[in-house]
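Participant: My structure is below; once you've seen it, I'll send some questions.
The values are calculated or read from the model by the stated rules, or taken from the named source; none is laboratory data. Note that the structure is predicted; figures quoted are calculated from it, not measured. Counting neighbours? That spans all protein chains shown, and the Cβs are built from the backbone with ideal geometry, glycine included.
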Amino acid sequence: NCITSWDVRRKEKIMKMTGHKDTITSISLSPNGTHLLSNSMDGTLQTWDVRPFVTGNQRHDKTFVGGTHNAEKGLLNCSWSSDGSMVTGGSADRVVHIWDVLSTEELYYLPGHAGCVNSVIFHPKENVIASGSSDKSIYVGELAQ
């Protein structure tokens with residue numbers, strides 16, 4: 001339930017981020033490198049400020065609620081849009097959830113998969129998203145502007 005960052009040159013911990021209440025299944029670094037996104041079995045995605053001058057409890061930034069995990073305990077991923085304005089993560093409710101980073105508002109609720117959504121990723125240049133599910137399908141769709 002804790003994310004720890006190490007300085008491999010000095011062989012020491014340099015930051016510790018606590019806040020999730022269950023196992024973390026995935027992390028993703030923001031496109032500009034200042035924040036980390038984590039997906040957890042507690043049903044939340046959280047962002048963390050990983051800039052070196054931020055200390056202690058000030059690292060936790062935002063919490064995104066809506067996705068779920070279930071008894072399958074799958075390793076559900078998370079990702080950022082290329083401009084860092086949206087985040088998404090896998091969810092056991094068979095829905096792709098996409099949130100606005102600034103407001104934490106859910107922008108898109110995209111049902112359609114018959115199984116747990118294990119992987120979701122944004123296209124690096126286009127307003128397109130792809131999702132993979134335990135139902136053995138991959139969906140690709142264009143998001144509204």
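Participant: Pairs needed: first member in segment 40-52, buried (at least 19 other Cβ atoms within 10 Å of the Cβ); second member anywhere, basic (Lys, Arg) and part of a strand (DSSP E or B); C-beta distance under 6 Å; at least 6 residues apart or different chains.
Facilitator: Listed pairs, sorted by first residue: Thr47/Lys62.
Participant: Let me ask something else about it. Give Ser85, Ser103, Ser79, Ser91 a once-over and let me know the one that is modelled with pLDDT of 95 or more, small (Gly, Ala, Ser) and under 19 Å from Ile24 (Cα atoms).
Facilitator: Working: Ser85 fails: under 19 Å from Ile24 (Cα atoms); Ser103 fails: under 19 Å from Ile24 (Cα atoms); Ser91 fails: modelled with pLDDT of 95 or more.
Residue meeting the stated conditions: Ser79.
Participant: State whether the residues of segment 85-93 include one that is within 20 Å of Gly43 (Cα to Cα), within 13 Å of the chain's Cα centre (by Cα), surrounded by 13 or more Cβ atoms within 10 Å (Cβ to Cβ) and touching a residue at least 60 places away in the same chain (Cβ under 8 Å). Break it down into steps so the answer makes sense when it comes.
Facilitator: Keep residues of segment 85-93 that are within 20 Å of Gly43 (Cα to Cα), which gives 86-93.
From the residues that got through so far, the ones that are within 13 Å of the chain's Cα centre (by Cα) too are 86-91.
Checking the rest, the ones that are also surrounded by 13 or more Cβ atoms within 10 Å (Cβ to Cβ) come to 86-91.
Okay, now just the ones that are also touching a residue at least 60 places away in the same chain (Cβ under 8 Å), so 89-90.
Yes, segment 85-93 contains at least one residue that is within 20 Å of Gly43 (Cα to Cα), within 13 Å of the chain's Cα centre (by Cα), surrounded by 13 or more Cβ atoms within 10 Å (Cβ to Cβ) and touching a residue at least 60 places away in the same chain (Cβ under 8 Å).
Participant: Can you find a residue that is free of Cβ contacts under 8 Å to residues at least 12 places away in the same chain and not in a strand (DSSP E or B) anywhere in segment 114-135? Break it down into steps so the answer makes sense when it comes.
Facilitator: From segment 114-135, those free of Cβ contacts under 8 Å to residues at least 12 places away in the same chain are 130; that's our starting set.
Pick out the ones that are also not in a strand (DSSP E or B) and you get none.
The answer is no; no qualifying residue exists.
Participant: Please pick out the residue among Asn118, Asn127 that is polar (S, T, N, Q) and either under 13 Å from Ser91 (Cα atoms) or surrounded by fewer than 14 Cβ atoms within 10 Å (Cβ to Cβ) (or both).
Facilitator: Asn118
Participant: Go through segment 75-113 residue by residue and tally those that are outside any loop (DSSP other than H, G, I, E, B) and touching a Leu at 6+ places or on another chain (Cβ under 7 Å).
Facilitator: First, the residues of segment 75-113 that are outside any loop (DSSP other than H, G, I, E, B): 78-80, 86-89, 91, 95-100, 106-111.
Filter again for touching a Leu at 6+ places or on another chain (Cβ under 7 Å), leaving 78, 80, 86-87, 89, 91, 95-96, 98-100, 108.
Within segment 75-113, residues that are outside any loop (DSSP other than H, G, I, E, B) and touching a Leu at 6+ places or on another chain (Cβ under 7 Å) number 12.
Participant: Output the number of residues of segment 21-33 satisfying the condition of being surrounded by fewer than 18 Cβ atoms within 10 Å (Cβ to Cβ), hydroxyl-bearing (Ser, Thr, Tyr) and more than 15 Å from Ile3 (Cα to Cα).
Facilitator: 0
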